[in-house]
1. Modelling each spin label as a point 7 Å along the Cα-to-Cβ direction, I'd like the residue 186/residue 79 distance in nm, to one decimal.
2. Using 0.36 nm per residue of separation minus the Cα-Cα distance, give me the extension gain between residue 316 and residue 33 in nm, one decimal.
3. Taking R0 as 51 Å, what FRET efficiency do you get between residue 200 and residue 303 from their Cβ-Cβ distance, rounded to the nearest 0.05?
4. Sorted by average packing, counted as other Cβ atoms within 10 angstrom per residue and highest first, what order do 310-316, 1-7, 272-278 take?
5. Sort 110-116, 14-20 by packing, meaning the average of other beta carbons within 10 Å per residue, with the highest value first.
6. Would you please classify the overall shape of the range 41-186 from the alpha carbon gyration tensor, given that a ≥ b ≥ c denote the square roots of the eigenvalues, rounded means a/c under 1.5, and beyond that prolate means a/b larger than b/c while oblate covers the rest?
7. Which of rounded, prolate, oblate describes the range 106-174, given a ≥ b ≥ c as roots of the alpha-carbon gyration tensor eigenvalues and a/c under 1.5 marking rounded, otherwise prolate only if a/b is larger than b/c?
8. Measuring from a point 7 Å past the Cα of residue 92 along Cα-to-C-beta, which residues in the range 31-65 have an amide N at less than 11 Å?
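Computed from the coordinates by the stated procedures, all read-outs in this text should not be read as laboratory data. Predicted, not measured: the structure shown is a model, and the values here were computed from it. Counting neighbours? That spans all protein chains shown, and the Cβs are built from the backbone with ideal geometry, glycine included.
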């Protein structure tokens, strides 16, 4: 609240001193809600007067929320949009046309960070812009939390159900000096103001950012490349597929798009047999390419009747992925 108030004061009263603020003043329509939960702000409580955590009360994954006790923490409410405050925000968002971006500012106590930012996990939005911004803002040694969420929060509801670019920045009090002191206020204005400036420069296409640069990964599974001398394992006769250890490659997904796997596997068979391989690409929590769905579909399974000997079999798989800072 204090940081955004100070930033808006700069936009209104000191915009002539800074070209970035002049750009906002002349070109951007900013709709600001100073406080969503006035009772909670006045009483220094996370919940509202009904003990409802408003960031668990929006219509996105609400049914999966764990806060079911009216007297407990993180209570999600008796139903979706049960609270006047969340309904107010719903009405506001749905009354506005052509929203380019949305940011929902909070304080945080659970995660010590100099820069903390969350985004809707499965939203089709330009998360790479914030990745770049966090790199530009942070210094060596700063604690940066850059993650995703599937909570029934305001920002997730806006990002997922409305298709609007949405971020939730958090400020941890005391990291840059005395809470609400001059140093901390400078850091908070610097952080939140730069997020707003970056969002204001986006196009209002509401299309996700995709990457055209391929990520190439390769590995060799052979005792010749293992200093410990461990021999390659042997498969046993079995009807189902067996997971081959050390043949998995994990990596971070830096943009929305597709991941393609191409390669080959060389095997030595001791007798004539039917040999099959089932390559796959999986991303945890992805609605289309989740691990369970990938294993069950077996879209890229191939089987061959092979004689005894050494054989090389080509591999191919492709799957849609979404930006995530967690390892898929």
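1. Here the answer is 5.2 nm between the modelled labels.
2. Values: separation 283, 0.36 × 283 = 101.88 nm, distance 5.02 nm.
Using 0.36 nm per residue and subtracting the Cα-Cα distance, I get 96.9 nm.
3. 0.40
4. Result, highest mean Cβ count within 10 Å first: 1-7, 272-278, 310-316.
5. Working: 110-116: 16.4, 14-20: 11.7.
My ranking of the peptides, most packed first, is 110-116, 14-20.
6. Working: a/c = 1.87, a/b = 1.27, b/c = 1.47.
Oblate, since a/c reaches 1.5 and b/c is not below a/b.
7. On the way: a/c = 2.79, a/b = 1.48, b/c = 1.88.
It is oblate, given that a/c is not under 1.5 and a/b is not larger than b/c.
8. 31-38, by backbone N distance to the label point.
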